[in-house]
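Everything below concerns the one structure shown next.
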Amino acid sequence: MLKGRARILGDNISGDYIISKEYIRAGYPLEEMVKYLFQVPRPDLGPTLRPGDIIVGGWNFGCGSSREFVMLLLKEAKIDCVIAKSFARGFFRSCINQGIMPVECDINAAEYDEITVDTEKGMIKVNGHKEYEFQKLPVLMNNIILEGGLIPYYVKHQGL
């Protein structure tokens, strides 16, 4: 079960819109870069993100560059879930690899609405009453997310 505030974005949010190349510098601490997330589509968003916020996007979320660095920054911002109408394939899989729940669903939510995602039932609630169904992830992918990502999952289950 995931709960958080909705943070709204639109369609075709690319990896370069999530974190612009101009903010990616060698040695720049991840915790400092979080405030520059989504600078291109919404300059107000990065500095106001709180742990547990849920990103709600439109069509083709994560298109373009699928750099793992994007996921590391979302993880650093403690974003545990991204809901979108559709995802770019690379972004979708990178979410799973980093332990971020990608949910493909068309929901009607406004900025700061309370979102509850029940991954076991495949159900999203907005402000406790509007309900939306989504297709649950396969068991293995869900387990990778629950373990915190692909590397923690692999280490735990391969005895490394």
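With both bridge residues required to lie in the chain, what share of the DSSP beta bridges run antiparallel, to the nearest 5%?
Around 50 percent of the beta bridges assigned by DSSP in the chain are antiparallel ones.
Considering only the other residues whose Cβ falls under 14 Å of the Cβ of residue 83, what net charge follows from Lys and Arg at +1 and Asp and Glu at -1?
-4
Whole Å is fine, so just give me how far the alpha carbon centre of the range 135-150 lies from that of the range 81-102.
11
Only helical DSSP H runs with n ≥ 4 go in: add -39500 (n - 2.57) per run for the chain, normalise by residue count and round the 222 nm mean residue ellipticity to 500 deg cm²/dmol.
After summing the helix terms and dividing by residue count, I get -7500 deg cm²/dmol.
How charged is the neighbourhood of residue 4? Take every other residue with its Cβ under 14 Å from the Cβ of residue 4, and add Lys/Arg as +1 and Asp/Glu as -1.
Charge balance in the 14 Å sphere: 0.
Specify which labelled value, from (1) 53; (2) 56; (3) 69, agrees with percent of Cα pairs over 18 Å apart derived from the coordinates of the model shown.
(2)
Assign one of three labels to the range 1-87, namely rounded, prolate or oblate, based on the Cα gyration tensor with a ≥ b ≥ c the square roots of its eigenvalues; rounded applies when a/c is under 1.5, prolate when it is not and a/b is larger than b/c, and oblate otherwise.
oblate
Every number here is computed from the coordinates shown, using simple stated rules; none is lab data. Computed from a prediction, not measured in an experiment: that's the story for all the values here. Here Cβ is always computed from backbone atoms with ideal geometry, including for glycine, and neighbour counts include all displayed protein chains.
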